[in-house]
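Engineer: Input: one structure, supplied below.
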Ligand code: ARG
């Protein structure tokens with residue numbers, strides 16, 4: 001497609017020899033109001049160089065610029081304003097979307113480079129709750145986005161499947177657990193005995209010693225400990241996979257914390273070698289005070305490893321195994337300090353790839369009744385949220401007399417899509433309070449709205465009963481609503497890049513919402529299916545392009561784009 005900013009910079013560079021092309025390019029803006037042009041170039045910085053007032057400079061330069069790409073080039077108040085030729089833009093964009101289809105917006109800038117996206121990373125034997133949805137859907141969207149930009153991606157679920165809590169769980173199971181109950185519905189039962197353990201241990205601290213003992217046995221490969229642990233892991237993962245299936249999310253690897261248990265000694269050796277490890281009360285720490293952080297505890301008194309130690313091992317393993325270009329961690333902002341300490345240690349160990357490890361934090365989810373607490377039973381299960389969203393969608397569409405054969409399928413696509421879309425609507429860093437009402441409200445700028453717009457466009461295309469063609473009369477699409485829609489479609493590839501650079505899928509969510517709104521305005525303004533073939537052909541092509549971009553955007557977010565609703 002035509003790179004308008006570049007074209008403008010080229011035009012200008014002939015007139016402004018004092019600045020280099022790159023500087024000029026960086027100065028080209030998109031005005032907040034398109035009445036001031038589709039692009040603008042401010043001349044204020046030129047005042048010194050030209051020894052003239054900016055409005056005068058703008059006037060002089062504007063008078064010399066000519067390009068068929070722009071219907072009009074004007075100056076106002078020190079700006080040069082560029083107005084695109086609508087038909088040229090329209091033809092360029094619609095042909096490109098038509099040619100590329102599902103690949104519109106795709107690039108190969110990432111070719112030959114690996115990006116690891118670690119996300120979800122839930123804890124075994126604990127509920128998969130609404131607090132986990134953010135990492136899960138933000139991570140999955142980022143994984144899709146990087147893949148779309150040509151990177152080879154590796155999605156990793158760094159399961160919380162190791163640590164002293166498994167010692168506790170083993171003790172609890174041996175005392176109060178029931179095999180059959182766990183087989184039938186593992187998470188609530190595992191949670192019950194885990195909570196019981198904590199209650200009992202307050203009175204009987206010897207339980208904690210026992211738990212530590214079992215964890216050490218586990219670390220040393222004791223058969224019984226490993227078997228029990230493996231079983232807890234298997235039954236939990238089966239539960240989690242049901243939710244991942246509902247969300248349509250897959251992982252390339254489930255290498256969680258336990259995967260690194262045998263890789264620890266080497267890492268510890270390396271840290272000691274670097275001379276950054278200190279003994280402290282029988283434990284080992286890395287002093288991070290010079291960097292304004294509390295010390296990081298690396299090994300405990302009894303020699304057992306810690307969360308951060310496993311994260312160090314994981315990063316090193318990933319570098320050796322995948323040779324990543326970027327290693328991304330989508331983990332809540334509560335762990336900011338952990339990731340700062342961890343990255344500092346990687347740096348201190350002398351690894352030059354420390355900066356390629358990126359923590360992508362996000363805000364916390366709490367409930368109306370307070371912060372979530374699994375131990376206090378204050379928790380909303382993600383599976384329940386998804387199921388309720390699907391059930392509610394079903395009620396709504398049954399009222400609308402949708403063809404009974406496809407009700408289930410659409411309810412699933414729209415219900416799940418609504419939850420994901422909402423999650424990806426706000427800047428990830430914002431905290432929020434989960435509310436059933438908000439999650440199940442489909443009014444306004446929601447996933448169902450965008451999906452519905454997609455279905456509406458699909459229906460127009462079905463009813464048009466014509467083959468798409470690109471040798472249409474583009475001058476027909478000269479109305480403002482068509483032009484605004486086209487500009488948004490044109491911007492889509494740039495928006496995808498921005499989402500990747502900022503690790504912010506919500507940029508795409510908002511952009512496709514804008515496209516849906518612009519489409520609906522156009523649809524409202526103009527009849528698409530008309531007797532005049534020439535007019536219909538042109539409008540149908542624009543409808544097709546809008547539909548395709550909505551679909552591409554939804555797909556990147558991990559949301560299905562139904563053809564009918
Ligand atoms: N399982 C951890 C938790 O629930 C999150 C793991 C994040 N990933 C990591 N590499 N530390 O808090």
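Engineer: Just check region 263-369 against the gyration tensor rule for me: Cα atoms, a ≥ b ≥ c as the square roots of the eigenvalues, rounded for a/c under 1.5, and otherwise prolate or oblate depending on whether a/b exceeds b/c.
Structural biologist: Since a/c reaches 1.5 but b/c is at least a/b, the shape of region 263-369 is classed as oblate.
Engineer: How big is D, in µm² s⁻¹, for the chain by Stokes-Einstein at 4 °C and 1.567 mPa s if Rh is the Kirkwood radius over C-alpha pairs?
Structural biologist: 48 µm²/s
Engineer: In addition: Based on other C-beta atoms within 10 Å, arrange 90, 349 from fewest to most.
Structural biologist: Details: 90 28, 349 18.
Ascending Cβ contact count within 10 Å gives the list 349, 90.
Engineer: Set the Förster distance to 41 Å, then compute FRET efficiency between residue 20 and residue 99 from the Cβ-Cβ distance, nearest 0.05. If you can, show how the numbers build up before the last one.
Structural biologist: Numbers: r = 34 Å, r/R0 = 0.82.
Between residue 20 and residue 99 the formula returns 0.75.
Engineer: Go ahead and run the numbers for FRET between residue 468 and residue 404, Cβ-Cβ distance against an R0 of 41 Å, rounding to 0.05.
Structural biologist: 0.85
Engineer: Residue 388 to residue 555: FRET efficiency via 1/(1 + (r/R0)^6), r the Cβ-Cβ distance, R0 25 Å, to the nearest 0.05?
Structural biologist: It comes to 0.55.
Engineer: With the crude spin-label approximation of a point 7 Å out along Cα→Cβ, what separation in nm comes out for residue 333 versus residue 85?
Structural biologist: If labels sit at residue 333 and residue 85, their model points lie 4.8 nm apart.
Engineer: When a footprinting reagent is the concern and you count Cβ atoms within 10 Å, what order do 344, 376 take, fewest first?
Structural biologist: 376, 344
Engineer: Then there is this: Using a ≥ b ≥ c from the Cα gyration tensor of region 320-477 (square roots of the eigenvalues), is it rounded, prolate or oblate, where a/c under 1.5 gives rounded and otherwise the larger of a/b and b/c decides, a/b for prolate?
Structural biologist: oblate
Engineer: Moving on. Please compute the modelled spin-label separation between residue 355 and residue 426, points set 7 Å along Cα→Cβ, answer in nm with one decimal.
Structural biologist: 3.3 nm
Engineer: Let me ask something else. Roughly speaking, what is the stretch gain from residue 322 to residue 202, that is 0.36 nm per residue apart minus the C-alpha to C-alpha distance, in nm to one decimal?
Structural biologist: Using 0.36 nm per residue and subtracting the Cα-Cα distance, I get 38.7 nm.
Engineer: Let me ask another. Please give the helix 307-322 orientation as an angle from the longest Cα principal axis of the chain, in degrees from 0 to 90, rounded to the nearest 10.
Structural biologist: Tilt of helix 307-322: around 50 degrees.
Engineer: Same structure, new question: Between residue 241 and residue 480, what is 0.36 nm times their sequence separation minus the Cα-Cα distance? Round to one decimal in nm. All intermediate terms of the calculation are to be shown ahead of the outcome.
Structural biologist: Details: separation 239, 0.36 × 239 = 86.04 nm, distance 4.75 nm.
Extra length available between residue 241 and residue 480 comes to 81.3 nm.
Engineer: Round to the nearest 10 and give me the degree value, 0 to 90, for the angle of helix 407-423's Cα axis relative to the longest principal axis of the chain.
Structural biologist: For 407-423 against the chain, the angle is about 90 degrees.
Engineer: Averaging sequence separations of C-alpha pairs under 8 Å and six or more residues apart, then dividing by the length of the chain, give the relative contact order as a whole percent. Present the calculation step by step, with values, prior to reporting the outcome.
Structural biologist: Numbers: 871 pairs, mean separation 84.4, N = 565.
This gives 15 percent for the chain.
Engineer: Now for a different question. Compute the helix-to-body angle for 186-203: its Cα long axis versus the longest principal axis of the chain, expressed 0 to 90° and rounded to tens.
Structural biologist: Roughly 50 degrees between the two axes.
Engineer: Relative contact order for region 289-402: what is it in percent, counting Cα pairs under 8 Å that are at least 6 residues apart?
Structural biologist: 20 percent
Engineer: Can you tell me how much longer the chain between residue 56 and residue 340 gets when fully stretched, taken as 0.36 nm per residue apart minus their C-alpha distance, in nm with one decimal?
Structural biologist: Numbers: separation 284, 0.36 × 284 = 102.24 nm, distance 5.14 nm.
Once the chain is fully extended between residue 56 and residue 340, it gains 97.1 nm.
Engineer: May I ask you to sort 74, 479 by Cβ crowding, counting other Cβ atoms within 10 Å and putting the fewest first? Numbers along the way, then the final one.
Structural biologist: On the way: 74 18, 479 13.
Arranged by neighbour count, lowest to highest, 74, 479 become 479, 74.
Engineer: So what are the radius of gyration and Dmax for the Cα set of region 190-289, in Å?
Structural biologist: Both quantities, over Cα of region 190-289: 18.2, 48 Å.
Values in this text are rule-based calculations from the coordinates and carry no lab data. Remember, it's a predicted structure, so these values are computed and weren't measured experimentally. Here Cβ is always computed from backbone atoms with ideal geometry, including for glycine, and neighbour counts include all displayed protein chains.
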